[in-house]
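Beneath this line is the structure, given in structure tokens, with notes to follow.
Read-outs throughout are calculated quantities, based only on the coordinates presented, and are distinct from any laboratory measurement. Computed from a prediction, not measured in an experiment: that's the story for all the values here. With ideal geometry, Cβ positions are generated from the backbone for all residues, glycine too; neighbour counts draw on all protein chains shown.
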Amino acid sequence: MSLDINKVIADMLAAIKGTVVDKHEKVESIAKQFLIQNKETLLLIAELRISGELDDEDFKSRMEDQKLVLEAQFNALQVISKAIAQQAANAAIDVLEKAIITVVKGVL
Amino acid sequence: MKKQLTRYLPIILFCLVLLAINGCRITFVPAYDTQVATQIDETAKTVDKFYLSMLETTTVEDSTRSYALFMDQYVSIEAELNSLFIKNKIRPLNQNSTRICEITLQLWQKYKEEHKKKNKLSNGLIKLNQKTFSDLFYAMQVAESGKKIIDNPPK
């Protein structure tokens, strides 16, 4: 029994695709939620600047803080991306592992 | 690009075969930690309650909102954030969650110092601080719950 490498690669790609497609909506909905949150915060900062509760210096400082919040959100999205990549890679390895085991059993 | 891929394909396959034979697993993120997730949730609630009570029970016009009256709560919350930061930092492959905690701690200390220095906090600033931390804790929760993905295979 020989290893049909083309079929194995096709199966590995299907496993990767299945994992990524399955999680795509989750990433998109979280990214949208982050955008909504940032919009609300920026509106609040603008209102406070207009009302005078924030002076020029404080306004600039709060905008800098908002960059940090954005950085935190990107870090959160990175965790999800890494987790999806990990799951996809391991799904592909599982396919390969099963194919090798089948060939080895056939030889023995 | 295609030529390069063809050139490296045998090497990539060889590496994957080795990993498969050894039953190895690729790891980019640590496993989900229920204890950390619970602590994030509890700290988020404490911070939210801290700002909500400040807004409801005190006013900027009198001394009920002076820093001294909130110092203990500031310190207690900072200790919780420190604890979360350390718990995240010691977990391998956890740089992203650690950075989110570091940013949260940094802004907590900054806003605490602002309150201390001015000894007052307007209603608008309380709302803004509350919103900022709510967004940061949400990011923290997203990062922690995102680690559950590795335990849930695709259907």
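Kirkwood hydrodynamic radius (Cα pairs, Å) of chain A? List each step's numbers first, then the result.
Values: mean 1/r = 0.0568 Å⁻¹.
Kirkwood radius, chain A: 17.6 Å.
Could you tell me the calculated FRET efficiency between B:Ala68 and B:Ser134, based on Cβ-Cβ distance and R0 = 30 angstrom, to the nearest 0.05? Walk me through the numbers before you get to the answer.
Numbers: r = 26 Å, r/R0 = 0.85.
Computed FRET efficiency for B:Ala68 and B:Ser134 comes out at 0.70.
For the pairs A:Lys26/A:Lys60; A:Lys26/B:Lys148; B:Lys127/B:Lys147; A:Lys23/B:Lys87; A:Lys60/B:Lys118; A:Lys67/B:Lys110, flag any whose C-alpha to C-alpha distance is greater than 22 Å.
Details: A:Lys26/A:Lys60 33 Å; A:Lys26/B:Lys148 12 Å; B:Lys127/B:Lys147 31 Å; A:Lys23/B:Lys87 27 Å; A:Lys60/B:Lys118 18 Å; A:Lys67/B:Lys110 15 Å.
Correct reply: A:Lys26/A:Lys60; B:Lys127/B:Lys147; A:Lys23/B:Lys87.
Using only the Cα atoms of chain B, what are the Rg and Dmax in Å?
In order Rg, Dmax, the Cα atoms of chain B give 22.3, 74 Å.
Can you tell me the alpha carbon radius of gyration of region B:59-118 divided by the globular rule-of-thumb value 2.2 N^0.38 Å? Mind showing how you got there, number by number?
Details: Rg = 14.4 Å, N = 60, 2.2 N^0.38 = 10.4 Å.
For region B:59-118, the normalised Cα radius of gyration is 1.38.
Under DSSP H, which helices of chain B have Cα atoms covering 15 Å or more of the helix axis and a Kyte-Doolittle average no less than -1.0?
Working: long enough: B:2-21 (28 Å, 1.41); B:34-57 (34 Å, -0.23); B:71-89 (27 Å, -0.23); B:95-118 (34 Å, -1.54); B:123-146 (34 Å, -0.08).
Long hydrophobic helices here: B:2-21, B:34-57, B:71-89, B:123-146.
Report the Cα-based extents of the protein assembly as shown along its three principal axes, largest first, to the nearest Å.
On the principal axes, the protein assembly as shown reaches 86, 35, 28 Å in Cα extent.
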